[in-house]
Amino acid sequence: MYAPQEDTELLAAALADEPLAPGAAVLDVGTGSGALALTAARRGARVTAVDVSRRAVYAARLNALRAGLPLEVVRGNLFEPVRGRSFDLVLANPPYVPAPGAHRPPRGAARAWDAGGDGRLVLDRICHEAPGLLRPGGVLLLVQSALSDPGLTVDCLRSAGLKSAVTQRQRIAFGPVLRTRVEWLRERGLLSPDENDEELVVVRAEQPV
C-alpha cells in the first residue's frame, strides 16, 4: 500500500463530476487507504472497498472509523469478494505500470503498481469482468497510464456493450518507479525518445439502460 498519488487525485476529480444518488451502491477496487471510497461515502453512497493487501484493508477500515463513515472493507483479489452483486458505480485504480520480468508475478509493495510487460495484467481483467457488475445506467471510472494503452481499454469495454471514452487527462513527472525504467520503456517502444513525463487518463464506461 502507498499514499494516494496523482492518479487518485485524477480519479477523484472524475468522481466529483459524476452524479451519485443517495444510497447508490459503489464499489472501489484497489482501494488502498480508502480515499476514494470515503469520498463516495461522504456523498451518501453505500460503499464497498476491496484490496488484496492486508495493510490496505486495515488502513481503509481505520480511516473510515476516524472519519465516522460507514464503509464495508473486504480483502480479496479484485472482484472475487463481490461475486453476484451489482453496483451503480465502480471505481478502479489498478496496477498499470509495465514491468520487466513479466513472467514473475509482482510481490510485496510492487503489487500496487507492477502489471506485467504491457501494464495490462489487471486492466484486462477489469475490462472483462466489470461490465457484469454494473447495473443498467451504471458507470465504471478507471484510471491508468497512457503507457498501458487506454485505447485498448476503451475498445474492450465497448466490445462488452458499454459506452466508453477517455474523459480526463493529466501529464505528471515520472515517479520513482518509472524513473528506473525509462530506458527499458524506450527499448520496448512504450516511451518515445522525447517523452520525459507520463500521461494519466480516466476511462469512463457506462452500461446502457
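The values are calculated or read from the model by the stated rules, or taken from the named source; none is laboratory data. A quick note: this is a predicted structure, and the numbers were derived from the prediction, not measured. For neighbour counting, all protein chains shown are included, and Cβ atoms are generated from backbone atoms with ideal geometry for every residue, glycine included.
At pLDDT below 95, touching a Phe, Trp or Tyr at 6+ places or on another chain (Cβ under 7 Å), farther than 20 Å from residue 32 by Cβ and assigned to a loop (DSSP other than H, G, I, E, B) - does that describe any residue in the range 108-120? So far as the range 108-120 goes, no, none of its residues is at pLDDT below 95, touching a Phe, Trp or Tyr at 6+ places or on another chain (Cβ under 7 Å), farther than 20 Å from residue 32 by Cβ and assigned to a loop (DSSP other than H, G, I, E, B). Tell me yes or no: at least one residue of the range 59-77 is within 20 Å of residue 131 (Cβ to Cβ) and either surrounded by fewer than 16 Cβ atoms within 10 Å (Cβ to Cβ) or among the small types (Gly, Ala, Ser) (or both). There is at least one residue in the range 59-77 that is within 20 Å of residue 131 (Cβ to Cβ) and either surrounded by fewer than 16 Cβ atoms within 10 Å (Cβ to Cβ) or among the small types (Gly, Ala, Ser) (or both).
If you go through the range 175-198 one residue at a time, do you hit one that is within 17 Å of the chain's Cα centre (by Cα) and not in a helix (DSSP H, G or I)? Yes, because at least one residue in the range 175-198 is within 17 Å of the chain's Cα centre (by Cα) and not in a helix (DSSP H, G or I).
Using beta carbons and a limit of 6 Å, which pairs, at least six apart or on different chains, have the first residue in the range 184-205 and farther than 22 Å from residue 116 by Cβ and the second one in a strand (DSSP E or B)? Close Cβ pairs satisfying both conditions: 197/171; 197/173; 204/141; 204/167.
Say we look at the range 89-100 and pick out the residues that are over 27 Å from residue 19 (Cα atoms) and out of contact with any Ser or Thr (no Cβ under 8 Å at 6 or more places or on another chain); which of these is surrounded by the fewest Cβ atoms within 10 Å (Cβ to Cβ)? That would be 100. When the range 175-209 is limited to residues that are in contact with a helix residue (DSSP H, G or I) (Cβ under 7 Å, 6 or more places away or on another chain) and surrounded by fewer than 19 Cβ atoms within 10 Å (Cβ to Cβ), the one that is nearest to residue 144 (Cα to Cα) turns out to be 199. Scanning the range 157-209 for residues that are among the β-branched types (Val, Ile, Thr) and farther than 23 Å from residue 13 by Cβ yields 180, 182, 209. Checked against (1) small (Gly, Ala, Ser); (2) crowded, with 20+ Cβ neighbours inside 10 Å; (3) at pLDDT 95 or above, residue 86 meets all criteria but (2). Only one of the numbered conditions (1) modelled with pLDDT of 95 or more; (2) under 20 Å from residue 199 (Cα atoms); (3) more than 13 Å from the chain's Cα centre (by Cα) is not met by residue 26, and that is (2). Note on the range 75-91: among residues that are part of a loop (DSSP other than H, G, I, E, B) and without any contact (Cβ under 8 Å) to a residue 24 or more places away in the chain, the one that is farthest from the chain's Cα centre (by Cα) is 84. All of (1) under 19 Å from residue 114 (Cα atoms); (2) part of a helix (DSSP H, G or I) hold for residue 38 with one exception: (1). Take the residues in the range 115-148 that are charged (D, E, K, R) and more than 14 Å from the chain's Cα centre (by Cα), then tell me which one is surrounded by the fewest Cβ atoms within 10 Å (Cβ to Cβ). That would be 135. Can you say whether residue 64 is of a type outside the set (Asp, Glu), assigned to a helix (DSSP H, G or I) and within 15 Å of residue 92 (Cα to Cα), as far as the supplied structure shows? Taking the combined requirement at face value, the residue does not satisfy it.
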